[in-house]
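These notes concern the structure reproduced below.
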Amino acid sequence: MIKATNFPVPTDRRRILKASVVTALGIPAWVRAQPQSLRIGQTAALTGPLAFPFVEMNKGIAAAFQEVNEKGGIDGRMLEMVSLDDGGAPAKAAENTRQLIEKDQVLTLFACGGTTSVMGALQVLVPAKAPLIAPATGSDALRPFNPLVFHTRASYAQELSKIARQLSSTGFTKCAVAYFDNPFGKAAIAAFEAAAKSYKNTTWKAFLVAETPDGIAKGIEEIVAFQPTALMSLAIGGLGIPFYKGLRKRIQTPAFSISFLGSRPLLAALGDAAVGITVAQVVPSPHSVAMPLVHAYQNALKKAGQTEPGYSSLEGYVNARILIEALRRSGRSATREKLIDAMHSMRPYDLGGFEVRYGPTDHSGTDFVELTYFNGERFRR
């Protein structure tokens, strides 16, 4: 069974372990843990300005876990997810990870995000030798090989390389790239700089925007004065949405974004400012039902009471399917060591038209990236 606690996170551990999944995940309130369940742990930004994609991903995870549990689980063991909110704070993520490992005794950490949450979790899970499967971020700061970390999505550098290539091929090379002074922003701007250089683009310009109302206003004016032929905002944080909305009121040139902007609630928050944006995606279209993976995802989503397919929830479903296969390969007496070995045995693993690949020295999983255009209603390839 699945269990997650999101809005807000109870402080009493017994309440955490007995709480039902958020209503949005569609899990009945009477669900309780089973003695021999396979317990999976997550710490993520489930509230606050960074929560949108992770809450959406959890819908796909819930659907996949329910799908397996309704068929008797894995070797008779139900899947249970203990999900704790860290608000994107590294210290809280580390505290959550310690609880998940030491008190909740989870088999593995899973779908932790975003970048700052994962950085906090690593401080605890590495000394404990607990694996982390499917970190829900493409940050290149997390890409140096770690024997405990298994990625299930392309990196932000790969997404930005695809965007840089598109800018070069279309001639929109005078691109204004905005970012905030945080770990995500600094890593992303460095990745785009490298990508632009590889395509010999010397006309783009980075804009460091201060996360204050005055800083937002100043950043917009500086970008307007630059007169760009394209826009990209890597300014993700509490003021990211008002900054982008304000910028789009002044500049209507082609706009680009990485996959973080693929979640429906975030698009809704942007409103008209989101129309026309090109977004890099790291999973196939959630509407491509001819693909067996997507067909299975949509069926699982409907059974879980969810009716709106989306890129973020599909990513969550893909992540869960990879974990589930690794648990199956681990056998009835699954351990962390057996789970790691099981991940290494996926060389490759086809989920139904979408393939991932792992090995003892390769934990990257996939390099799939495609660009999509948001027309105000849905993404088009």
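The values are calculated or read from the model by the stated rules, or taken from the named source; none is laboratory data. These numbers come from a predicted model, not from an experiment. Cβ placement follows ideal geometry from the backbone for every residue including glycine, while neighbour counts extend to all protein chains displayed. Note: areas computed on protein heavy atoms with side chains; ligands, DNA, RNA excluded. Shrake-Rupley method; radii C 1.70, N 1.55, O 1.52, S 1.80 Å.
Scanning region 157-164 for residues that are open to solvent by 50 Å² or more (accessible area, probe 1.4 Å) and at pLDDT below 95 turns up nothing. Going through (1) touching a Phe, Trp or Tyr at 6+ places or on another chain (Cβ under 9 Å); (2) open to solvent by 10 Å² or more (accessible area, probe 1.4 Å); (3) over 26 Å from Trp204 (Cα atoms); (4) of a type in the set (A, V, I, L, M) one by one, Leu122 falls short only on (1). With respect to Thr372, is the statement that it is of a type in the set (Val, Ile, Thr) and not in a loop (DSSP other than H, G, I, E, B) true? Yes: the conditions hold for Thr372. On the stretch given as region 104-145, residues that are at pLDDT below 95 and of a type in the set (Lys, Arg) total 1. Taking the conditions exactly as written (of a type in the set (Asp, Glu), buried (at least 24 other Cβ atoms within 10 Å of the Cβ) and under 20 Å from the mean Cα position of the chain (by Cα)), does Asp140 satisfy them or not? No; evaluated as a whole, the condition is false for this residue. Just one residue in the set Thr202, Thr229 is of a type in the set (S, T, N, Q), at pLDDT 95 or above and farther than 22 Å from Glu370 by Cα; that residue is Thr202.
Scanning region 325-337 for residues that are over 20 Å from Gly359 (Cβ atoms) and either assigned to a helix (DSSP H, G or I) or of a type in the set (D, E, K, R) (or both) turns up just one, Arg332. All of Arg336, Arg332, Arg357, Arg378 fail the test of being farther than 30 Å from Ala164 by Cα and open to solvent by 70 Å² or more (accessible area, probe 1.4 Å), apart from Arg332. Out of curiosity, is Ala111 farther than 26 Å from Phe145 by Cβ and open to solvent by less than 40 Å² (accessible area, probe 1.4 Å)? So Ala111 fails the test.
Within region 348-369, the set of residues being more than 15 Å from Leu293 (Cα to Cα), in contact with a Lys or Arg (Cβ under 6 Å, 6 or more places away or on another chain) and part of a loop (DSSP other than H, G, I, E, B) comprises Pro348, Val369. Evaluated against (1) more than 30 Å from Ala296 (Cα to Cα); (2) in contact with a Ser or Thr (Cβ under 7 Å, 6 or more places away or on another chain), Met119 falls short on exactly one condition, (2). Within region 329-356, residues that are in contact (Cβ under 8 Å) with a residue 24 or more places away in the chain have Cβ atoms under 7 Å from residues that are among the polar types (S, T, N, Q) and in a loop (DSSP other than H, G, I, E, B) in these pairs: Val356/Thr152; Val356/Thr366, counting only partners at least 6 apart in sequence or on another chain.
Just so you know, in region 45-61 the residues that are in contact with a strand residue (DSSP E or B) (Cβ under 6 Å, 6 or more places away or on another chain) and crowded, with 24+ Cβ neighbours inside 10 Å include one that is nearest to Arg332 (Cα to Cα), and it is Phe54.
The set of residues in region 296-313 that are in contact (Cβ under 8 Å) with a residue 60 or more places away in the chain and among the basic types (Lys, Arg) contains only Lys303.
Among the strands (runs of 3 or more DSSP E) confined to region 192-306, the ones with at least 2 residues that are closer than 23 Å to Gly365 by Cβ and either open to solvent by less than 30 Å² (accessible area, probe 1.4 Å) or in contact with a Cys (Cβ under 7 Å, 6 or more places away or on another chain) (or both) are located at 277-281.
Only a single criterion out of (1) surrounded by 17 or more Cβ atoms within 10 Å (Cβ to Cβ); (2) under 22 Å from Gly276 (Cβ atoms) is not satisfied by Gly171, namely (1).
To keep it simple, each residue is scored yes or no on (1) under 23 Å from Arg98 (Cβ atoms); (2) open to solvent by less than 50 Å² (accessible area, probe 1.4 Å); (3) at pLDDT 95 or above; (4) among the hydrophobic types (A, V, I, L, M, F, W, C).
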| position | (1), (2), (3), (4) |
| --- | --- |
| Ile2 | yes, yes, no, yes |
| Thr5 | yes, yes, no, no |
| Pro10 | yes, yes, no, no |
| Lys18 | yes, no, no, no |
| Ala24 | no, yes, no, yes |
| Val31 | no, yes, no, yes |
| Arg39 | yes, no, yes, no |
| Ala63 | no, yes, yes, yes |
| Asp75 | no, no, no, no |
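Put simply, of Gly365, Gly316 the only residue that is touching a residue at least 24 places away in the same chain (Cβ under 8 Å), under 30 Å from Val275 (Cβ atoms) and either in contact with a Gly (Cβ under 6 Å, 6 or more places away or on another chain) or of a type outside the set (Lys, Arg) (or both) is Gly316. A single member of Ala111, Ala51, Ala44, Ala93 is over 12 Å from the mean Cα position of the chain (by Cα) and not charged (D, E, K, R), and it is Ala93.
Residues in region 286-293 include at least one that is within 19 Å of Phe374 (Cα to Cα) and polar (S, T, N, Q).
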